[in-house]
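FYI, it's all coordinate maths here, none of it is from the lab. Small disclaimer: the values here were computed from a predicted structure and weren't measured. Cβ atoms come from the backbone with ideal geometry, glycine included; neighbour counts cover every protein chain shown.
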Amino acid sequence: MKEIIEKNLELMRSSKKGGMSELLCNESLGGNAGVYKNCSCAGANFYYDKNTGEIIYFGNIQSVPKDIVNNYEQHYFRVALDLWKDKTYIVNFKAPTEASKKAKQTLEETVKEFNSKYGFQD
C-alpha cells in the first residue's frame, strides 16, 4: 500500500497532463466546490483502480483518454486553495462506495499523507 500511496502523492503534485496540480491550474475556483475556511475550493476529478486505490489520472471526462474512462472508476477531491501560502488542503474526503476495502484505505491514507505533507493546517 505504501508504494501506491507514494505514486498517488507524486501524481497529485504533478503539473504534467493527468496530474492534480495541472488540473487545478485550469479549474475555476468557488462555484460548486464552495469555500473552506476563507479559501476557495475546486473539484479535482480523478480515475482510480477500485481494487488497489491507485490514482491513474486527474481530469474532467472530456480530457481523459477513453481507455482510462472505460477501465477505471471516477471520484473527486474537494481541494481548498490558500493562494497566499501557495498551499492546498483536501477537504472532507469520503471514500467512494464502489471501491474495495483496500482501495478505500489506500485513498484515505493518501489524503491523510497529502494534507500532512503539503496541506495548510486544518
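Could you point to the label whose value was computed as percent of Cα pairs over 20 Å apart for the structure here, given (1) 50; (2) 37; (3) 55? Looking at percent of Cα pairs over 20 Å apart for this model, the match is (2). Database remark: amide H of K87 closer than 5 angstrom to the amide H of D82 (H placed geometrically; neighbours at sequence offset of 5 or more, or on other chains; Pro and chain starts carry no H).
Couplings 3J(HN,Hα) for the range 6-14, derived from phi with the Karplus relation 6.51 cos²θ - 1.76 cosθ + 1.60 (θ = phi - 60°), are 4, 4, 4, 4, 4, 5, 5, 8, 6 Hz, where x marks Gly and Pro.
For E73, nonlocal amide neighbours, meaning residues 5 or more places apart or on other chains whose placed amide H falls under 5 Å from its own, are Y48, K50. Taking 29 Å as the limit for the C-alpha separation, the pairs K37/K101; K66/K104; K50/K85; K37/K102; K17/K94; K66/K87 exceed it in the case of K37/K101; K50/K85; K37/K102; K66/K87. In a simple Cβ point-charge model (Lys, Arg +1; Asp, Glu -1; nothing else charged), the chain has a dipole of about 140 debye relative to its Cα centre.
Scalar couplings 3J(HN,Hα) for the range 35-47, obtained by applying the Karplus form with A = 6.51, B = -1.76, C = 1.60 to θ = phi - 60°, are 10, 9, 6, 6, 10, 5, 10, 9, x, 10, 6, 9, 10 Hz; x denotes Gly and Pro.
Couplings 3J(HN,Hα) for the range 79-92, derived from phi with the Karplus relation 6.51 cos²θ - 1.76 cosθ + 1.60 (θ = phi - 60°), are 10, 8, 10, 9, 5, 6, 9, 6, 10, 10, 8, 7, 9, 6 Hz, where x marks Gly and Pro.
Note on the chain: dipole from Cβ charges, positive end direction compared against I61, G19, V35; the farthest Cα belongs to V35.
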